[in-house]
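J.: Shown below is the structure under consideration.
Values in this text are rule-based calculations from the coordinates and carry no lab data. Bear in mind the structure is a predicted one, so any value in this text is a computation, not a measurement. Glycine gets a Cβ as well: all are built from the backbone with ideal geometry, and neighbour counts include every protein chain shown.
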Amino acid sequence: MPQGTLTLEVRQPAPATSVLDVHGDITADSEKPLMDAYGEAKAAKSIVLNFTGLDYMNSGGIGLLVTLLVRANRQKQKLLAFGLTEHYRQIFELTRIDEAIAIFSSEDEALQAAAK
């Protein structure tokens, strides 16, 4: 089975907020691009994960999100997300990640929450 790839674009729509636009698959092999993007966004007080371009995520990818969450918590940053399909929303609920990463329906809602 061929490995999917992950690319992330980092945007800063507000002075203290960075958005990481996810494109592709998040698997255990995604650590470098995910952590590189986090490094670019590290100075922000809030980091918003845009999952509208997510094709696939497995348990290794969930583990990487937990690692990202731990790093963000150490830096006293908010981690928020939007654009999850219903399937991935259910996975976030089952794994209880939704209790640590606030999930929103749109980028505008996530950005408003990030600004608070």
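J.: Please find, in a Gaussian network model of the chain (springs between Cα atoms separated by less than 10 Å), the residue of 37, 16, 72 whose mean-square fluctuation is greatest.
T.: In the Gaussian network model the winner is 16.
J.: May I pose another question? Output the DSSP H helices from the chain with an along-axis C-alpha extent of no less than 18 Å and a mean Kyte-Doolittle hydropathy no less than 0.0.
T.: 59-74
J.: Moving to a separate point now. In debye to the nearest 20, how big a dipole does the chain give about its Cα centre with +1 on each Lys and Arg Cβ and -1 on each Asp and Glu Cβ?
T.: Rounded to the nearest 20 debye, it is 620 debye.
J.: Turning to a different aspect of this structure: In 10 Å bins starting at zero, report the fraction of Cα pairs in the chain per bin as a rounded %.
T.: 14, 53, 30, 3, 0
J.: How many nm is it between the label spots at residue 106 and residue 14, if each spot is 7 Å from the Cα in line with the beta carbon?
T.: 1.5 nm
J.: Contact order normalised by length for the chain, with contacts defined as Cα pairs under 8 Å and 6 or more residues apart; what percent is it?
T.: Dividing the mean separation by the residue count of the chain yields 24 percent.
J.: Report the residues of region 15-34 in range of a label on residue 59: point 7 Å along Cα→C-beta, backbone N strictly under 18 Å from it.
T.: Once the point is set 7 Å along Cα→Cβ of residue 59, 26-31 turn out to lie under 18 Å by backbone N, inside region 15-34.
J.: Still on this structure: Counting each pair of different Cα atoms once, what's the Kirkwood radius of region 66-116 in Å, rounded to one decimal?
T.: Kirkwood hydrodynamic radius for region 66-116: 11.4 Å.
J.: Something else about it: Return the long-range amide H neighbours of residue 52 (sequence gap of 5 or more, or a different chain), with a cut-off of under 5 Å between placed amide H atoms.
T.: Placed amide hydrogens put 22 under 5 Å from residue 52.
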